[in-house]
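Engineer: Got a structure here, written out as structure tokens. Questions coming.
Please treat every number below as a calculation from the coordinates, not as lab data. The structure displayed is predicted, hence computed values, not measured ones. FYI the Cβ positions are ideal-geometry reconstructions off the backbone, even for glycines, and counts take in every protein chain you see.
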Amino acid sequence: MNARSGAALEGEAAAANAAPGGGGVVGQQQQQQGAGSRMQPEASTLERRGVFLVECRDRSGIIRAVSDRIEAHGGTIRHIDLHCEQGHFWGRIEFCYDCSQWSADSIRADFLQSPRGVVAQLPAVKTSLLMLYEADDEPERRLPMALLVSKQDHCLVDFLYRWQSGELPVDLRCVVSNHPVDPHSHVGRFLDRHGVPLHILPCESRFSNESAVLEAVQGTELLVLARYMQVLSGDFLKTYGRDIINIHHGLLPSFKGAAPYRQAHRAGVKIIGATAHFVTDHLDEGPIIKQLVEPVSHRDSLQSLARKSKGLEQRCLADAVRLYVEGRVVKGPENRVIVLE
């Protein structure tokens, strides 16, 4: 956060808390706590959760504009995560509200659609996103996505387990593999049981299956490469036109490309890692979303390095997708990812 933005936000919060009648959610709540009959409803009556994500030009009053709108409808802010840099503001505001007082349609109008809504009050808005959740914290809309896989299935199996358990609340439209998958294997049976289409699309030559893959993933808004060991062409990325997340079995920017386990073992590294990143037309150079590491030593063989790395890859990929679907991942300047958590 730059110095001006920090001072502006601190002044904004102080003014909101000090002013009679309260201009901000925090100040209003503090006054109401001593006002008996004017106490806000208990948290149990705030039946729904919402998330507002915005990128705009930085200036004072941004948080106030959002908090005032939430407060006007009896809501409360749960979390605010923000970052300011080079005159830009990125913010994620999570709030609770009573759906009997503020309907989903009204919230969308108040934030996004109305000429007097929140977005209309903010300066030079580049992107904005509103996510609403049901009573059981189920997203009002699950993000439609597809998984692309190759021979190794450890990331696929882990992802499917987390998806089944509800840890990754996405709309899994299909799984695409460029290698055969036995329909009687644990993966084949799982996908059949849950009604997830499996497309076997072998690649006989470089990029030869990309048209078929694009057809299979139509209607999705995210692709996840769960150890998909095939480079995607620039034409594929341009045609798909949406985000693609890859898991690399190495700690980028070190050990790019093929055989990172072997590269790390030969280098005698003392930590190994996994990297989840966005896919670009530059191999293994996309913006990094998440990295995990684990210490190793000279006693580790190539096999033990691979075994340890696989666990990191599973967790790292799941963490990156969770952060993405929760609206915590934004692309910042200079090929960097900002994670609002």
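Engineer: In nm², what is the average projected area of the convex hull enclosing the Cα atoms of the stretch 101-188? Please report the intermediate quantities before stating the final value.
Structural biologist: Working: hull surface 34.6 nm².
The Cα convex hull of the stretch 101-188, projected and averaged over all directions, gives 8.7 nm².
Engineer: Using Cα centres only, tell me the gap between the stretch 49-64 and the stretch 141-218 in whole Å.
Structural biologist: One Cα centre to the other: 36 Å.
Engineer: Hey, got the dipole for the chain? About the Cα centre, +1 on K and R Cβ, -1 on D and E Cβ, debye to the nearest 20? Spell out each step's value before the answer.
Structural biologist: Details: 38 positive and 41 negative charges, 177 e Å.
That gives the chain a dipole magnitude of about 840 debye.
Engineer: Then there's this: Could you identify which residue out of 244, 288, 200 has the top mean-square fluctuation in a GNM of the chain using Cα springs shorter than 10 Å?
Structural biologist: With Cα springs under 10 Å in the chain, the top fluctuation among 244, 288, 200 is at 200.
Engineer: Further question: Of the listed peptides 50-57, 204-211, what is their order by residue-averaged count of other C-beta atoms within 10 Å, with the highest listed first?
Structural biologist: 50-57, 204-211
Engineer: Which entries of 126/238; 238/308; 238/310; 126/256; 151/331; 270/331 have Cα-Cα distances beyond 25 Å here?
Structural biologist: Values: 126/238 21 Å; 238/308 35 Å; 238/310 30 Å; 126/256 33 Å; 151/331 31 Å; 270/331 31 Å.
Pairs exceeding the cut-off: 238/308; 238/310; 126/256; 151/331; 270/331.
Engineer: To continue, here is another question. Of the peptides 293-306, 93-106, how do they stack up when ordered by the mean number of other Cβ atoms within 10 Å, highest first? Provide the component values of the computation, followed by the final result.
Structural biologist: Values: 293-306: 12.8, 93-106: 16.4.
In descending order of packing, they fall as 93-106, 293-306.
Engineer: State the label only: which of (1) 148; (2) 188; (3) 172 corresponds to volume of the Cα convex hull per residue in Å³ computed from the shown model?
Structural biologist: Correct label, based on the coordinates given: (3).
Engineer: What percent of all Cα-Cα pairs in the stretch 143-339 falls into each 5 Å bin, going from 0 up to the bin containing the maximum distance?
Structural biologist: Spelled out per bin, shortest first, that is 1, 7, 16, 20, 20, 17, 11, 5, 1, 0.
Engineer: Moving to a separate point now. What are the ³J(HN,Hα) values, in whole Hz, obtained from phi via the Karplus relation 6.51 cos²θ - 1.76 cosθ + 1.60 with θ = phi - 60°, for each residue of the stretch 194-206 in sequence order, with x given for Gly and Pro?
Structural biologist: Those phi angles translate into 9, x, 9, x, 10, 10, 9, 10, x, 10, 6, 8, 3 Hz.
Engineer: Kyte-Doolittle cut-off -0.5, length cut-off 24 Å along the helix's own axis using Cα: show which whole DSSP H helices in the chain pass. Working shown, then result.
Structural biologist: Values: long enough: 302-325 (34 Å, -0.14).
Counting only whole DSSP H runs, the qualifying helices are 302-325.
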